[in-house]
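Structure, as structure tokens:
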Amino acid sequence: MSEPHDGLEGAVALVTGASRGVGRATVAWLRARGARVVASDLRPEVRELAEPDAVACLVGDVADEETAVRSVALAGERFGRLDILVNNAGRTVNKPLTETTVRDWDGLMGVNARGAFLHAREAFRAMRARGEGGAIVNVGSYTCTVALPEGSAYSASKGALAQLTKVIALEGGPHGIRANVVAPGVVETDLLDDIRDDSRAYLRSFAGAHPLGRVAQPAEIAEVIGFLASPRSSFMTGAVVAADGGFTAA
């Protein structure tokens with residue numbers, strides 16, 4: 001894999017929520033640039049990404065502390081280190097505030113906020129111990145900065161993720177560990193498949209809310225994630241980077 005490089009040849013990355021959508025596209029982007037990857041997901045389909053000596057797969061719930069510990073340890077065991085963490089795993093629930101249950105709230109906070117915290121904590125520890133820095137990229141949402149009607153739990157979880165990222169950036173700076181958030185607009189993935197039969201059509205119905213007149217494709221968000229994971233963004237940390245087709249420009 002000689003082109004393109006982006007300074008990632010031989011780097012080791014951990015990507016959560018890797019079996020589909022943005023996560024799967026990110027694994028492909030990293031592999032195209034010579035990085036080795038630990039691909040983690042709750043879905044057993046993540047094993048389809050396995051490549052000898054290049055992609056190691058792990059099935060587990062990101063909200064479980066053991067999954068975070070195992071994932072970071074696997075990077076060290078298989079590839080000798082960890083340079084990049086992409087916290088991509090996420091869930092969504094669209095309900096009015098008065099209909100949102102404690103189970104809804106805890107489920108979204110567990111994956112979107114707790115899961116990112118656990119993986120960032122373990123990755124930070126590994127990167128700091130190695131002493132050569134690293135990059136943590138958290139996949140947020142436009143709801144990191146603006147509210148989503150009927151999205152109390154989702155908006156709160158992504159707002160928490162943005163603040164967590166800023167703390168990681170402050171604590172990581174002296175160790176050369178950078179942390180940034182990618183904040184996409186609506187992306188045409190199967191994120192809603194578990195709760196809507198018409199998820200793709202529903203997502204595309206938001207096209208007009210973006211000044212570009214369409215929703216994003218997973219590979220477009222993977223490009224931004226990859227940039228923030230690479231040495232090309234070496235002076236960026238603590239940023240919330242909108243990749244939302246202009247959704248939050250108004």
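The values are calculated or read from the model by the stated rules, or taken from the named source; none is laboratory data. Because the structure is a prediction, the values reported are computed rather than measured. Neighbour counts are summed over all protein chains in view; Cβ atoms, including those assigned to glycine, are modelled from backbone coordinates with ideal geometry.
Here is how the numbers come out for the structure above:
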| item | result |
| --- | --- |
| Hits in region 165-199 - residues which are surrounded by fewer than 19 Cβ atoms within 10 Å (Cβ to Cβ), in a helix (DSSP H, G or I) and modelled with pLDDT of 95 or more | LYS166, VAL167, LEU170, GLU171, GLY173, PRO174, HIS175 |
| Residue within region 98-113 that is within 27 Å of GLU223 (Cβ to Cβ), among the acidic types (Asp, Glu) and modelled with pLDDT of 95 or more present | no |
| Near pairs, Cβ below 9 angstrom, 6+ apart or cross-chain, from region 54-71 (in contact (Cβ under 8 Å) with a residue 40 or more places away in the chain and surrounded by 22 or more Cβ atoms within 10 Å (Cβ to Cβ)) to any residue that is part of a loop (DSSP other than H, G, I, E, B) and acidic (Asp, Glu) | THR67/ASP61 |
| Residue within region 207-217 that is closer than 25 Å to ASP106 by Cβ, exposed (fewer than 14 other Cβ atoms within 10 Å of the Cβ) and without any contact (Cβ under 8 Å) to a residue 60 or more places away in the chain present | no |
| Selected residue (only one of LEU82, LEU30, LEU74, LEU42 is out of contact with any Leu (no Cβ under 9 Å at 6 or more places or on another chain), more than 22 Å from ALA162 (Cα to Cα) and either modelled with pLDDT under 95 or hydrophobic (A, V, I, L, M, F, W, C) (or both)) | LEU42 |
| Qualifying residue in region 99-111 (condition: touching a residue at least 60 places away in the same chain (Cβ under 8 Å), crowded, with 21+ Cβ neighbours inside 10 Å and of a type outside the set (Lys, Arg)) | no |
| Residue among ALA129, ALA116, ALA89, ALA135 that is assigned to a helix (DSSP H, G or I), in contact with a helix residue (DSSP H, G or I) (Cβ under 8 Å, 6 or more places away or on another chain) and either at pLDDT 95 or above or crowded, with 21+ Cβ neighbours inside 10 Å (or both) | ALA116 |
| Hits in region 152-177 (condition: within 19 Å of the chain's Cα centre (by Cα) and more than 19 Å from VAL86 (Cβ to Cβ)) | ALA153, TYR154, SER155, ALA156, GLY159 |
| Test: GLU77 is surrounded by fewer than 22 Cβ atoms within 10 Å (Cβ to Cβ), in contact with a Phe, Trp or Tyr (Cβ under 8 Å, 6 or more places away or on another chain) and within 26 Å of VAL12 (Cα to Cα) | no |
| Answer residue from region 26-50, given it is charged (D, E, K, R) and part of a helix (DSSP H, G or I) and is nearest to THR189 (Cα to Cα) among those | GLU45 |
